[in-house]
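Here is the structure we will look at, set down as structure tokens.
The values are calculated or read from the model by the stated rules, or taken from the named source; none is laboratory data. Computed from a predicted structure; not experimentally measured. A quick note on method: Cβ atoms are made from the backbone with ideal geometry, for glycine too, and the neighbour counts reach across all protein chains shown. In case anyone asks, the SASA skips ligands and DNA or RNA and just uses the protein heavy atoms, side chains included. Shrake-Rupley method; radii C 1.70, N 1.55, O 1.52, S 1.80 Å.
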Amino acid sequence: MVDGCKFDEGCQALIQSAGIGKLAPNILLLGYKTNWEVCEREEVKEYFNCLHQALDNYLAIVILRTKDPLDCSYILGGLEENICTSPRDIPNFPKGSSSDGFENILEVEPTDPEVSSARHSNPEEIIVTATKKGNKIVFGGKGSVTKENHEDVHGVYRGPDGSEKPRDIVLSPFQTKKETGVIDVWWLYDDGGLTLLLPYIIQTRKNWSQCRLRVFVLGNKKTEIEMEHRGMASLLSKFRIDYSDLTVIPDIRRKAEESTMSLFETLIKDFRGDPDKCDDPETMITDSELMCLKEKTNRHLRIRELLLENSRKSNLIAM
């Protein structure tokens, strides 16, 4: 954990310090910044700095965007733990005239044969009793808490208003089992297979095992669509990836619709201008940049149109 620094500085510190040698992670997972249009420009710069730092350190980048935010603070206030603040709060604490000398002197005996045998003979029982040995409190022994008063041992989830929440509360879309569904993979570039590997791993999990896997790839020439389809099918078969549909998109270079172009212009309106006449020139988009990236911009806008056309109702999209 890194504390007391800005977001991009913390990200850089974690990238440089995480792992040892060959055991260092090679993927950076970030959440999609949904408020990029209205937040402070400094926050946008920090977010992009994290992306550049990951690329500079040769890390793959995964950006997760969900329909509902992963911030569950509006559902869950926190975890209230039942912690004994005094030796007198411990169940079956040995009676005595005073608790002097016992504060902050606790000893746990995990190898107690009575505790071990009780735990294995009845997994529904949790040993929480305490006995007195000299100036110490030793947890273990023959006492136990059964399933009926199991609630007294575990934490309790509570909402922001203090109301108790069920333990099986769903805090993420990845926790619910999908009876039917679709996972779409848009393989836009040859990135080493990470875009295809992650959805395949997710599909092997119990909650997503009933979902169909569809693969979309971009075609280079209309006259070679059938050849590219056979080549891609052969590649997926070699990887032993079980897919339900394979689609080759032939018209990616076609000009985007006027409505899509208008939406794009609206999104970047507040970021247009002369960098020399603003306080934060790094976040401004110049006319020369738009002209230089015109073809790439049109390509991404066309991909948006294709996503809305083919994957609007999909449960998970990887691209």
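Going 7 Å from the Cα of ARG253 toward and past its Cβ, which residues in the range 209-225 have a backbone nitrogen under 15 Å from where you end up? 218-225, by backbone N distance to the label point. Of CYS39, CYS5, CYS50, the order by accessible heavy-atom surface (1.4 Å probe, DNA, RNA and ligands excluded), from most exposed downward, is CYS5, CYS39, CYS50.
Phi angles across the range 32-45 convert, under the Karplus curve 6.51 cos²θ - 1.76 cosθ + 1.60 with θ = phi - 60°, into 3J(HN,Hα) values of 6, 7, 6, 9, 5, 6, 10, 6, 5, 4, 5, 5, 5, 5 Hz, Gly and Pro given as x. What number, in percent, do you get for the relative contact order of the range 157-287 if the mean sequence gap of Cα pairs under 8 Å and at least 6 apart is divided by its residue count? Once normalised by length, the contact order is 18 percent.
Heavy-atom accessible surface of GLU224, to the nearest 10 Å², is about 70 Å², with a 1.4 Å probe and all protein chains retained. At full extension, ASP242 and THR283 could sit 10.4 nm farther apart than now, given 0.36 nm per residue minus the alpha carbon distance. For the pair ILE27 and LEU14, the difference between a 0.36 nm per residue extended length and the Cα-Cα distance amounts to 3.5 nm. For the range 1-57, the list of GluC sites (Glu not before Pro) that fall in a loop by DSSP and count at most 13 other C-beta atoms within 10 angstrom reads GLU37, GLU40. The alpha carbon gyration tensor of the range 185-319 gives principal lengths a ≥ b ≥ c with a/c of 1.5 or higher and a/b greater than b/c, which makes the shape prolate.
Which entries of LYS6/LYS178; LYS67/LYS222; LYS178/LYS238; LYS6/LYS206; LYS67/LYS165; LYS206/LYS238 show an alpha-carbon separation above 31 angstrom in the structure shown?
Checking Cα-Cα distances, LYS6/LYS178; LYS67/LYS222; LYS6/LYS206 exceed 31 Å.
Taking the accessible area of the range 229-293, probe 1.4 Å, and keeping the other protein chains in place, the carbon and sulfur fraction comes to 52%.
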